[in-house]
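See structure below.
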Amino acid sequence: MSLTSQPEPTQRQQSDKVPKLLFDEKNTAALSTVFSFSPNRDTLGGTAYFIVEEVNILIDCPAWNDTNQHFLQEQGGVQWLVLTHRGAIGKVKEIQQTFGCNILIQEQEAYLLPGLTVTSFHHRFQLTSHSRAIWTAGHSPGASCLYYGGFGGILFTGRHLLPTPQGSVMPIKTAKTFHWRRQLQNVQKLVEEFTPETLHYLCPGANIGFLRGKSCIDQAHQHLSEINAAIAHLSLK
């Protein structure tokens with residue numbers, strides 16, 4: 001399975017776009033908000049997300065421009081910056097210097113952040129009562145996902161699971177994939193960890209253009225189950 005590239009946004013396009021609100025909260029009792037940022041050229045088109053609640057969590061690095069800096073400051077800053085894989089690092093130094101935030105990354109990739117104050121974890125890490133990081137090695141040695149329990153459960157998948165040109169979501173094998181077999185096995189672990197009641201949405205960390213205007217993928221657990229079933233037909237080599 002190959003990764004189809006998308007045109008990178010220009011720096012002007014990045015600067016003009018404010019983060020997008022993911023969920024309509026008018027008819028919910030949500031105590032938080034979730035935003036997505038425009039794809040970041042510094043992270044090869046990666047998409048960062050921001051959970052705003054009592055503890056604000058930034059998931060991967062957005063483009064470091066005036067628009068995004070001002071937005072983050074208006075929301076009360078960043079308390080945690082969670083990096084889902086090595087390719088999502090971006091302007092992490094500048095973000096920590098600006099907000100004094102904690103940086104969370106899986107322990108096998110913490111060495112990539114010398115001189116910064118970093119919290120590393122092995123299998124999982126509980127950030128808040130609603131949020132935890134989960135190690136899902138495969139795309140890279142320290143690839144991970146971030147689970148947030150609000151809105152019926154959201155899994156921010158980084159590059160562990162990505163949208164395809166057909167509009168589905170799958171693990172994507174590339175020339176730089178660290179360990180394809182582990183990546184597929186970790187899909188099964190996610191299926192077993194969650195239920196349809198605890199996981200409603202998937203928010204991938206790249207390829208969002210393939211979602212055709214949608215902000216995220218609903219019926220998340222069903223999608224994971226379908227991926228798991230399809231894995232039986234994929235080569236594990």
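Order by neighbour count: 71, 125, fewest other Cβ atoms within 10 Å first, most last. All intermediate terms of the calculation are to be shown ahead of the outcome.
Working: 71 16, 125 21.
Ascending number of Cβ neighbours within 10 Å: 71, 125.
Do the sum for the chain: with -39,500 (n - 2.57) for every DSSP H run of n ≥ 4, divided by all residues, what is the mean residue ellipticity at 222 nm, to the nearest 500 deg cm²/dmol? List each step's numbers first, then the result.
On the way: 5 runs with 49 residues, N = 237.
The helix-only estimate for the chain comes to -6000 deg cm²/dmol at 222 nm.
Once a ≥ b ≥ c are taken as the square roots of the eigenvalues of the Cα gyration tensor of the range 178-237, is the result rounded (a/c under 1.5), prolate (a/b larger than b/c) or oblate (a/b not larger than b/c)? Don't skip to the end; give the middle numbers.
Numbers: a/c = 2.08, a/b = 1.30, b/c = 1.60.
Oblate.
Any chance you could count the Lys pairs in the chain whose alpha carbons are under 28 Å apart, treating pairs 8 or more apart or on different chains as valid?
Lysine pair count for the chain: 20.
Enumerate the residues in the range 127-158 having an amide nitrogen under 17 Å from the point lying 7 Å beyond the Cα of residue 218 toward its Cβ.
Answer for the range 127-158: 150-155.
Specify whether the C-alpha gyration tensor of the range 159-200 places it in the rounded, prolate or oblate class, a ≥ b ≥ c being the square roots of the eigenvalues: rounded for a/c under 1.5, otherwise prolate if a/b is larger than b/c and oblate if not. Before the final figure, lay out the partial values.
Details: a/c = 3.43, a/b = 1.39, b/c = 2.46.
The shape class here is oblate.
Quick one: what are the phi-derived ³J(HN,Hα) couplings along the range 106-112, Karplus 6.51/-1.76/1.60 with θ = phi - 60°, whole Hz, x for glycine and proline?
4, 4, 6, 10, 5, 5, 6
Is the chain best put as rounded, prolate or oblate by its Cα gyration tensor, with a ≥ b ≥ c the root eigenvalues, rounded for a/c under 1.5, and otherwise prolate when a/b is larger than b/c, oblate when not? Before the final figure, lay out each step's value.
Working: a/c = 1.34, a/b = 1.26, b/c = 1.06.
In terms of gyration-tensor shape, rounded.
Give me the number: length gained by fully extending residue 195 to residue 44, i.e. 0.36 nm times residue separation minus the C-alpha to C-alpha distance, one decimal in nm. Don't skip to the answer; put the middle values down first.
Working: separation 151, 0.36 × 151 = 54.36 nm, distance 3.21 nm.
Here the segment from residue 195 to residue 44 would lengthen by 51.2 nm.
Quick query: amide H of residue 59 versus all other amide H atoms, modeled in the peptide plane; which residues come in under 5 Å with a sequence gap of 5 or more or a different chain?
For residue 59, whose amide H was placed from the backbone, the distant partners under 5 Å are 49, 50, 51, 82.
The range 94-108 to the range 20-92: how many Å between their Cα centroids?
That distance is 13 Å.
Suppose the chain between residue 126 and residue 231 were pulled fully straight at 0.36 nm per residue; how much longer would it get relative to their current alpha carbon spacing?
Details: separation 105, 0.36 × 105 = 37.80 nm, distance 2.90 nm.
Net length gain for the segment: 34.9 nm.
Please list, in order along the range 174-183, the HN-Hα scalar couplings obtained from phi with the Karplus expression 6.51 cos²θ - 1.76 cosθ + 1.60 (θ = phi - 60°), rounded to whole Hz, x for Gly and Pro.
Calculated HN-Hα couplings, in order: 10, 5, 9, 4, 5, 8, 4, 4, 5, 4 Hz.
In the chain, what percentage of the DSSP-assigned beta bridges are antiparallel, given to the nearest 5? Let's see the in-between values first.
Details: 25 of 39 bridges.
Given both bridge residues lie in the chain, the antiparallel proportion sits at roughly 65 percent.
The numbers here are math on the coordinates, done by the rules we state, and not lab data. What you see is a predicted model; the values in this text were computed from it and never measured. Positions of Cβ are generated from backbone atoms using ideal geometry, with glycine treated the same way; all protein chains shown enter the neighbour counts.
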